[in-house]
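J.: One structure coming up, written as structure tokens, with questions to follow.
What follows draws every value from the coordinates through simple rules; no lab data is involved. These numbers were taken from a predicted model, which means no experiment stands behind them. FYI the Cβ positions are ideal-geometry reconstructions off the backbone, even for glycines, and counts take in every protein chain you see.
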Amino acid sequence: MLSIKNLHASVEGEEILKGINLEIKAGEVHAIMGPNGSGKSTLSQVLAGNETFEVTQGEISLNGENLLDLETEERAREGIFLAFQYPVEIPGVSNLQFLRTAVNAMRTHRGETEMNAAEFMKLAKEVSKQVDLDPAFLKRGVNEGFSGGEKKRNEILQALLLQPKLAILDETDSGLDIDALQVVSKGVNALRAEDRAILMVTHYQRLLNHIVPDHVHVLAGGRIVKSGGRELALELEERGYGWLGVKDEEATPSAAS
Amino acid sequence: MKPAPTISSAFLEPGGQSLPAPLLELRKQRGTALVDMPLPTRKTENWKYSSRHLKLTDELASTLPATGKDGYSLSIPGYRVVFHNGVMIPEASDFPDLDGIRIQRFADLDDDEAAGLAERLDNTLDTRAVQMARLNSARFEDGLYIQLDKEAVLDQPLFIVHEVTGTASGSAYPRIYVDAARHSQITVVEEYLSSGEEPVMVDTVTEFVLADGAQVTNVRLVMEGENVQHIGATGVRQAANSRFESHCVGFGGPLRRHDLQVRLEGEGGECKLNGVVVTQGKQHYDNHTSIEHVAAHCDSEETYRNIAADESHAVFNGRIHIHEDAQKSNANMNNKNLLLSTGAEIDTKPELEIYADDVKCAHGATIGQLDRISLFYLVSRGIGRREANTLLTMAFINELVEQIPVQAVKDAAQLRLNEFFDQTFQEA
Ligand SMILES: Nc1ncnc2c1ncn2[C@@H]1O[C@H](COP(=O)(O)OP(=O)(O)OP(=O)(O)O)[C@@H](O)[C@H]1O
Ligand SMILES: [Mg+2]
């Protein structure tokens, strides 16, 4: 489904991603772990098409289509969804209006008719319940004044509404209390499907107890320095990143190759 | 030094004569006083950004022709008065005859009433600061005198539609005077429209006098075309415990200028001034507001938003003057500006003069662009650029649009806003 080859990306002339290779097949769940500042969010944002980051080398394809040729909105319509590590607050745009506009943009793209306000309200209320978010949050500005956990649930709400092919979840588990983690995990598991792939960025093994990944990768210094099965996450939890020759974003070249 | 230019004598020709004698006399006096009035230039502080857009050609001095009944196919719910080229058209107007409320065109006033009005015209305005209102006083052809007796309440908004036709060059000088007695209430909507293409100037003056406890809401929608220079002044005087609300929504043109002057003259007075301005192309819009806290214990709240696209230019100048005796004044002024292109320009200036010591006065002004991260967030959900930009721009003014108390105005403004968004934002 998603194929990343030798991806290099920089911001303000500084290279952050230094040759990422990753293959994700439909139905799979991949977890990416790694130290702070190693480039996990950068990779997520590059996949979604954030132009702050310049792709200097490499390829990304989604089901054979060159993703780098597509604008962010086109990528979204092709099925890429990014749950932001820091969801953006947009006062003045109601959450409901935002969600409906997004859902209708997708429907229009697929040649379906738009949902009217009443139809959408019904759907949005149902899905809100699924992520345990009070429907009152639909009336507020997008993420405006939401707590950290509420923002994360609002991201999952969007994923459930938009039904992406590839859901990239950037630390959607961070800052969640135990109950919220359950709720979010349930939401993510509800997304799991034969024809859908999930890429989760996380620092914590605990999420992986709820959402069992098929593959775990360690991203350090802009490269994937180790890949394995779910047991890799347990090992990382126990031993940290040191044994991989990685302490922080300054990964050594030997560890990276 | 070169003497400042004065107004061309073409503008000093007497206009139409179908006014009661006291008003003709007043007009003549004002015209005489105008002879050596200096015109605004770049050196005139309150016109420094706008004087070069003010083009008082001799052709503009002609009176616009009175036109027939067509051209105002407006479907306005409720009460309406239609002015065409500065003259009221009774056949197109439809307003109530209610107890305690008199809505009369100037031409229909008897000499006594006209004499009373002549004494009062201009008394809400600091005419030194609104030079062009003086030209209106010398040239108005007609006008509307609205009087509310005490406790009279107009049950629906009164729409006053000012339309000018640019089939020939010329100028129009509409004039409104509203006298709201104790505890009376009225909502007055002014809608400025145009047709045709020849250069036209609209120089309009609206005055409100609020007695104790009166409540007046003024909605102003400026939507004339690219051939129209629009210069307007609104003067407001408020007695104790009165409340005045103004909602201005304006779209740009070669010149748009509005001076809004409010005097809080009695304790417990409140005013709320909202403004939304949208400019594009090479348009120019200049809002100058002035709030005078003359009496103690008054509240003023002002919120203006400018949106400038392309190479347009918007100006906001907000003056708050708190007089020495105006203790416990509460003044809040906020102006936020959105630049939608690097070629656009916005100038904003608060002017605070505070002579009392026990007051609360807050002001803030910002100039910014659409937030790129917010835009990215929206498009990352599949929302197109045009729609995403539209959502964010609407977010900037939503609060003010929502507050417009007249649905028909909200709808008309939204339609025109949508055109603006279609012209301004592109898909990637
Ligand atoms: N817009 C930006 N401008 C400058 N530097 C940036 C920008 N975005 C990211 N970086 C830098 O790129 C590096 C990688 O950041 P990134 O956010 O991808 O890390 P991360 O792996 O997601 O870290 P964390 O675990 O803390 O979320 C960091 O050094 C960061 O400071
Ligand atoms: Mg991150």
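J.: Looking at the calculated P(r) for the stretch B:128-252, what percent of the C-alpha pair distances fall above 23 Å?
T.: 33 percent
J.: How much net charge surrounds B:LEU264 when only the other residues with a Cβ under 10 Å from the Cβ of B:LEU264 are counted, with Lys and Arg +1 and Asp and Glu -1?
T.: The answer is -3.
J.: Which value, to two decimals, describes the C-alpha radius of gyration of the protein assembly as shown once divided by 2.2 N^0.38 Å?
T.: Against the empirical 2.2 N^0.38 Å value, I get 1.19 for the protein assembly as shown.
J.: Using DSSP, restrict attention to beta bridges with both residues in chain B and report what percent are antiparallel, rounded to the nearest 5.
T.: Antiparallel bridges make up about 10 percent of those DSSP assigns within chain B.
J.: Mind listing which chymotrypsin sites (Phe, Trp or Tyr not before Pro) in the stretch B:353-413 are in a DSSP loop and have 12 or fewer other Cβ atoms within 10 Å?
T.: B:TYR355
J.: OK, next. Could you tell me which of the pairs A:LYS122/A:LYS186; A:LYS122/B:LYS410; B:LYS28/B:LYS48; A:LYS25/A:LYS165; A:LYS40/A:LYS152; A:LYS25/A:LYS152 are separated by over 19 angstrom between their Cα atoms in the structure shown?
T.: In this structure, A:LYS122/A:LYS186; A:LYS122/B:LYS410; B:LYS28/B:LYS48; A:LYS25/A:LYS152 exceed 19 Å between Cα atoms.
J.: Could you grab the relative contact order for chain A? Cα pairs under 8 Å, six or more apart, rounded to a whole percent.
T.: So the answer I get is 26 percent.
J.: Can you tell me what percent of all Cα-Cα pairs in the stretch A:1-141 are more than 27 Å apart?
T.: 34 percent
J.: Then there's this: Which ³J(HN,Hα) values, rounded to whole Hz and listed in residue order, are derived for the stretch B:174-186 from phi using the Karplus coefficients 6.51, -1.76 and 1.60 in 6.51 cos²θ - 1.76 cosθ + 1.60 with θ = phi - 60°, glycine and proline given as x?
T.: These are the phi-based 3J(HN,Hα) values: x, 8, 10, 10, 10, 10, 10, 6, 3, 6, 7, 9, 7 Hz.
J.: If you take the alpha carbon radius of gyration of the stretch A:112-257 and divide it by 2.2 N^0.38 Å, what ratio comes out, to two decimals?
T.: 1.23
J.: Lys/Arg Cβ at +1, Asp/Glu Cβ at -1, dipole of the stretch B:135-214 taken about the Cα centre: which of B:TYR192, B:VAL178, B:GLY166 is farthest positive-ward?
T.: About the Cα centre, the residue reaching furthest to the positive side is B:VAL178.
J.: Right, next: In straight Cα distance, which lysines are under 23 Å from B:LYS360, not counting same-chain residues fewer than 8 positions off?
T.: B:LYS272, B:LYS328, B:LYS336, B:LYS349
J.: Let me spell out the model: positive unit charges on the Cβ of Lys and Arg, negative unit charges on the Cβ of Asp and Glu, origin at the Cα centre of the stretch B:262-405. What dipole size does that give, in debye rounded to 20?
T.: 920 debye
J.: If you scale each eigenvalue of the Cα gyration tensor by 5 and take the root, what three semi-axes come out for the stretch A:156-206, rounded to whole angstrom and sorted largest first?
T.: Square roots of five times the eigenvalues give 19, 12, 9 Å.
J.: Taking just the alpha carbons, could you work out the radius of gyration and Dmax for the stretch B:1-62, both in angstroms?
T.: Cα radius of gyration and Dmax of the stretch B:1-62 are 14.0, 43 Å respectively.
J.: Please state, as a whole number in µm²/s, the translational diffusion coefficient that the Stokes-Einstein equation yields for the stretch A:1-76 at 20 °C and 1.002 mPa s, with Rh defined as the Kirkwood radius across alpha carbon pairs.
T.: In µm²/s, the coefficient rounds to 168.
J.: Let me ask something else. In whole percent, what relative contact order does chain B give with Cα contacts below 8 Å and a gap of six or more residues?
T.: Dividing the mean separation by the residue count of chain B yields 10 percent.
J.: For chain A, count all C-alpha to C-alpha pairs, find those more than 30 Å apart, and express that count as a whole percent of the total.
T.: Value for chain A: 27 percent of Cα pairs lie more than 30 Å apart.
J.: Hey, another quick one. As a check on your grasp of the helix formula, calculate [θ] at 222 nm for chain A: sum -39500 (n - 2.57) over DSSP H runs of n ≥ 4, divide by the residue count, round to the nearest 500.
T.: It comes out at -11000 deg cm²/dmol, rounded to the nearest 500.
J.: Let me ask something else about it. Can you tell me the 0 to 90 degree angle between the C-alpha axis of helix A:95-109 and the longest principal axis of chain A, rounded to 10?
T.: 80 degrees
J.: Given the options A:LEU161, A:ALA136, B:ALA152, identify the residue whose Cα lies farthest towards the positive end of the charge dipole of the protein assembly as shown (+1 on Cβ of Lys, Arg; -1 on Cβ of Asp, Glu).
T.: A:LEU161
J.: In square nanometres, what is the average projected area of the Cα convex hull of the stretch B:183-320?
T.: 7.4 nm²
J.: For the stretch A:123-135, in order, what is each residue's ³J(HN,Hα) by Karplus, 6.51 cos²θ - 1.76 cosθ + 1.60 with θ = phi - 60°, in whole Hz (x at glycine and Pro)?
T.: 4, 4, 5, 4, 5, 4, 4, 4, 9, 6, 10, 4, x
J.: Quick one: what Rg and Dmax do you get for the stretch B:293-383 from the alpha carbons, in Å?
T.: Every Cα atom of the stretch B:293-383 included, Rg and Dmax give 17.7, 58 Å.
J.: Could you work out Rg/(2.2 N^0.38 Å) for the stretch A:74-155, with Rg from alpha carbons only?
T.: 1.09
J.: Helix A:178-191: angle to the longest alpha-carbon principal axis of chain A, degrees 0 to 90, nearest 10?
T.: 90 degrees
J.: Take the Cα pairs of the stretch A:120-202, get the Kirkwood Rh, then feed it into Stokes-Einstein at 4 °C and 1.567 mPa s and tell me D in µm²/s.
T.: 100 µm²/s
J.: Per the Kirkwood treatment, what hydrodynamic radius in Å, one decimal, follows for the stretch B:332-382 from the mean inverse distance over all distinct Cα pairs?
T.: Over the stretch B:332-382, the inverse of the mean reciprocal pair distance is 14.0 Å.
J.: What number, in percent, do you get for the relative contact order of the stretch B:126-247 if the mean sequence gap of Cα pairs under 8 Å and at least 6 apart is divided by its residue count?
T.: 26 percent
J.: If the only charges are +1 at each Lys and Arg Cβ and -1 at each Asp and Glu Cβ, what is the size of the charge dipole of chain A around the Cα centre, to the nearest 20 debye?
T.: The calculation lands at about 640 debye.
J.: Quick one: which residues, 5+ away or cross-chain, put their amide H under 5 Å from the amide H of B:THR124? H built at 1.01 Å from N.
T.: none
J.: As a test of the definition: which semi-axes, in Å, follow for chain B when you take the square root of five times each eigenvalue of its alpha carbon gyration tensor? Largest first, please.
T.: Working from the Cα gyration tensor, I get semi-axes of 32, 26, 23 Å.
J.: Please give the charge dipole size of the stretch A:1-107, origin at the Cα centre, charges +1 on K and R Cβ atoms and -1 on D and E Cβ atoms. Round to the nearest 20 debye.
T.: About 440 debye.
J.: Decide, for the stretch B:363-428, between rounded, prolate and oblate: order the square roots of the alpha carbon gyration tensor eigenvalues as a ≥ b ≥ c, take rounded if a/c falls under 1.5, and otherwise choose prolate if a/b is larger than b/c, else oblate.
T.: Taking the square roots of the gyration eigenvalues as a ≥ b ≥ c, the stretch B:363-428 is oblate.
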